[in-house]
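Below is one structure; the comments refer to it alone.
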Amino acid sequence: MQQLIDFAAVIAFVAIYFITKDIFLATGVLLALVCVQVAALKLMKRTISRELQIIFWPPLILGGLTLLLRDETFIQWKPTIVSWAITLVLVGAHMIARTHLLKKMLGHALTLPDAVWTRLTYGWAVGFLLSGGINIWVVETFSLDAWVTFKLLGLTGLNFLYILIMVAYLVKIGALTEKDAAADPSSQQDEAQTKTNPSEQHAP
């Protein structure tokens, strides 16, 4: 459910931008929807975890700077900052706390050796690192229209690609059957996010 809400916010942002060609109005709508998400979680008395804060605070802060300074650069850098923050959290938790955050998120659905969780952790960390770098490249190389399109289609496509790679890897090592893989990617990830209120890649 959280993923659907996040995706709806991105769709609203893109739709408002292409209808009005006003990046500041689109950013304002995005901020409003993020605030509604936070308020809804508070009303439901659900804890806003550290992982979820990584998704919520960058749009609020960077979107606010975009509106205050009338500079779209801040909101354009948001996907990169979120992606790289997730990379640091994944790697830092493993190296410093010896904790696999992916295991906490997906361990109820997958029983894997710690060595496999480590590979998945660094695999996703590299994926988020690349996503952040690609976002900067698009920002610096292409038009604002192209970046807004990339925000909806490109980043979503990259996340889906990473999920497919993870599932293919788990099938290859025998940790996930073909039947499980067909039913797994989004359902397990969404269930894990509902349980722990974590991140993804590329929320609003």
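Could you tell me whether PHE13 is in contact with a Leu (Cβ under 6 Å, 6 or more places away or on another chain), crowded, with 21+ Cβ neighbours inside 10 Å and within 19 Å of TRP147 (Cα to Cα)? Break it down into steps so the answer makes sense when it comes.
On the way: in contact with a Leu (Cβ under 6 Å, 6 or more places away or on another chain): yes; crowded, with 21+ Cβ neighbours inside 10 Å: yes; within 19 Å of TRP147 (Cα to Cα): yes.
Yes; evaluated as a whole, the condition is true for this residue.
Quick one: is VAL138 part of a helix (DSSP H, G or I) and in contact (Cβ under 8 Å) with a residue 24 or more places away in the chain?
Details: part of a helix (DSSP H, G or I): yes; in contact (Cβ under 8 Å) with a residue 24 or more places away in the chain: no.
No: the conditions fail for VAL138.
Could we say that VAL139 is out of contact with any helix residue (DSSP H, G or I) (no Cβ under 6 Å at 6 or more places or on another chain), at pLDDT 90 or above and closer than 17 Å to THR80 by Cα here? I'd like the intermediate steps shown before the answer.
Working: out of contact with any helix residue (DSSP H, G or I) (no Cβ under 6 Å at 6 or more places or on another chain): no; at pLDDT 90 or above: yes; closer than 17 Å to THR80 by Cα: yes.
Against the criterion (out of contact with any helix residue (DSSP H, G or I) (no Cβ under 6 Å at 6 or more places or on another chain), at pLDDT 90 or above and closer than 17 Å to THR80 by Cα), VAL139 does not qualify.
Here's the yes/no breakdown for (1) free of Cβ contacts under 8 Å to residues at least 60 places away in the same chain; (2) under 13 Å from the mean Cα position of the chain (by Cα):
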site	(1), (2)
SER131	no, yes
SER143	yes, no
VAL148	no, no
THR156	no, yes
PHE160	yes, yes
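Hey, does the stretch 88-106 have a residue that's in contact (Cβ under 8 Å) with a residue 60 or more places away in the chain, charged (D, E, K, R) and surrounded by fewer than 17 Cβ atoms within 10 Å (Cβ to Cβ)?
yes
Results for (1) within 15 Å of ILE75 (Cα to Cα); (2) at pLDDT below 90; (3) surrounded by fewer than 18 Cβ atoms within 10 Å (Cβ to Cβ), shown as yes or no for each residue.
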| residue | (1), (2), (3) |
| --- | --- |
| ILE19 | no, no, yes |
| ILE23 | yes, no, no |
| ALA26 | yes, no, no |
| VAL38 | no, yes, yes |
| LYS42 | no, yes, yes |
| ILE48 | no, yes, yes |
| GLU51 | no, yes, no |
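The values are calculated or read from the model by the stated rules, or taken from the named source; none is laboratory data. From a predicted model like this one, the values you see are computed outputs, not experimental measurements. Heads up, the Cβs are rebuilt from the backbone with ideal geometry, glycines too, and the neighbour counts pull from every protein chain shown.
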